[in-house]
Amino acid sequence: MDKKNISSLKGKKLKVCLYLQNPKLYAGSGIGQAINHQQKALELNNIEYTLNPKDLDYQILHVNSNLPGTLRAIRKAKKLGKKIVIHAHQTSEDFKRSFFFSDFFSPALHKWLNYFYSQGDIIICPSPYTKDLLKRNYSRLKDKKIIAISNGIDIDKWKSNKKRGEKFKKDYKIKNPIVFAVGLVFPRKGIVDFIKTSRTLPNFQFMWVGKYLKKLVIDRKLNYELKNKPKNFLLTGFVKDIIGAYSAGDIFFFPSYEENEGIVILEAAAMGKAIVVRDIPVFRSYLKEGKNCLMAKTNEEFAKKINHLLTNKKLNKNLSKNAKKLAKSKSLKNVGKELKRIYFNLLLKKS
C-alpha cells in the first residue's frame with residue numbers, strides 16, 4: 001500500500017469485525033486456530049477489531065464460518081453498508097473422506113459454498129491451490145476477487161523445547177526415533193497409509209497425535225488398521241502438551257490426500273522438523289521437494305524417504321533449516337500486513 005493510498009484514508013477509522021459463528025463448534029479445529037491467528041496478526045499490525053457483529057462501528061465484516069447464521073450476519077452488514085470479506089477455509093473437496101456420510105453430503109455442501117462464498121466483496125483462501133480450485137470448480141466465483149494468504153504461524157509459540165520433548169517421550173515410554181503426524185483421525189488425512197508405512201519400518205516409533213471421533217468417523221479400512229495396528233504405532237488421542245509432542249518427534253510425516261493448506265505442516269516447520277508429505281497440488285503450491293520437505297506418492301516411497309531422512313543427518317538438517325525459513329515467511333506479522341493491505345484497498349475500492 002503506497003503513501004498516496006494511506007493519505008487518502010486520513011481521518012478514516014479502520015475497524016474490522018472478525019466473526020466466527022459458534023466458536024465452541026470450531027474449538028481445536030483449523031478454523032478455530034485460524035481466527036486466533038487473525039486476531040494476533042491484526043494486533044501485531046495495530047488494526048482495531050471486534051469479535052461482536054453488534055459493535056456496529058466497524059467497516060469490514062471478515063467472516064470465518066459458512067453456517068446459515070453467518071449468512072444472516074453478512075446480509076445485515078451489507079444493509080448497513082459494510083464491506084464483506086469471506087475466508088474460504090473449507091471446500092467440498094476437503095470435506096470428503098472425513099465424517100460418516102461426508103461423501104454423500106459433499107455435493108450439497110458444494111452448492112451451498114458456491115452461493116455462500118459469492119456473497120463476499122473479497123474471498124480469502126489459505127493457498128494458491130485453493131484459489132485455483134475455487135475458480136475452477138465453483139461457477140459463481142469465476143469472476144470474484146480471490147486472494148491466497150496463508151493462515152500463518154505463530155513463530156513465538158511454536159518453538160522446540162528439549163525438556164518438554166524428553167518428558168513426553170518418558171511419559172509415553174518411547175525410546176526409538178519418532179515419526180509423527182498431528183491432526184484429527186480422518187481417512188482423508190492418510191492415517192491408513194501412515195499405519196501401513198509404520199509396519200515396514202519396525203525400528204522407528206510411529207505416532208499419530210489427535211482425537212479419534214469414533215461415532216462420527218466410520219471407515220472399514222481405518223477400523224481394520226487400528227484393530228491390527230503394529231507394535232510401533234501409537235495413537236495418542238488428544239494431548240495437553242502439543243509443544244512437547246512436536247518437540248519429541250523427529251520426522252513429521254503427513255500423507256494427507258487433500259488440504260487447503262495444512263496448518264500442522266507450518267507448525268512442524270516452525271519447530272524445525274524434517275517434513276515428508278504426499279505429493280499433491282496443495283503442498284506443491286508452497287513446499288519444495290528436496291529443499292524444505294520430501295514428497296512421495298506411495299507407501300513404499302514414503303518408507304524409503306523416511307528411512308533416508310533418519311539415516312542422513314545432513315539432509316535432515318538442511319530440510320529442517322529451510323522449513324524454519326518457510327515458517328518465518330508465513331509469520332503472523334507478515335499475514336497481518338497482507339490483511340491490512342486488503343482491508344485498506346477494499347475501503348478504497350481498489351480491490
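Just a few scattered comments:
- In the range 300-311, the residues that are at pLDDT 95 or above form Cβ pairs under 9 Å with partners that are of a type in the set (Phe, Trp, Tyr) and assigned to a helix (DSSP H, G or I), at six or more places apart or across chains, as follows: Phe302/Phe194.
- Within the range 218-263, the residues that satisfy the criterion of being surrounded by fewer than 20 Cβ atoms within 10 Å (Cβ to Cβ), assigned to a loop (DSSP other than H, G, I, E, B) and either among the hydrophobic types (A, V, I, L, M, F, W, C) or in contact with an Asp or Glu (Cβ under 8 Å, 6 or more places away or on another chain) (or both) are Ile218, Phe238, Val239.
- Scan of the range 171-204 for residues that are outside any loop (DSSP other than H, G, I, E, B), more than 13 Å from Ala245 (Cα to Cα) and among the aromatic types (Phe, Trp, Tyr), ordered by number: Phe194
- Cβ separations smaller than 9 Å between residues 6+ apart or across chains give the following pairs from the range 222-239 residues that are under 12 Å from Met207 (Cβ atoms) and in the same structural domain as Pro187 (by TED's automatic domain parsing) to residues that are of a type in the set (Ser, Thr, Tyr) and assigned to a loop (DSSP other than H, G, I, E, B): Leu234/Tyr172; Leu235/Tyr212; Thr236/Tyr172; Gly237/Tyr212.
- Residue within the range 105-116 that is part of a loop (DSSP other than H, G, I, E, B), assigned by TED's automatic domain parsing to the domain that holds Gln59 and surrounded by 15 or more Cβ atoms within 10 Å (Cβ to Cβ) present: no
The values are calculated or read from the model by the stated rules, or taken from the named source; none is laboratory data. Because the structure is a prediction, the values reported are computed rather than measured. Reconstructed Cβ throughout: ideal geometry from the backbone, glycine too, with neighbour counts over all protein chains shown.
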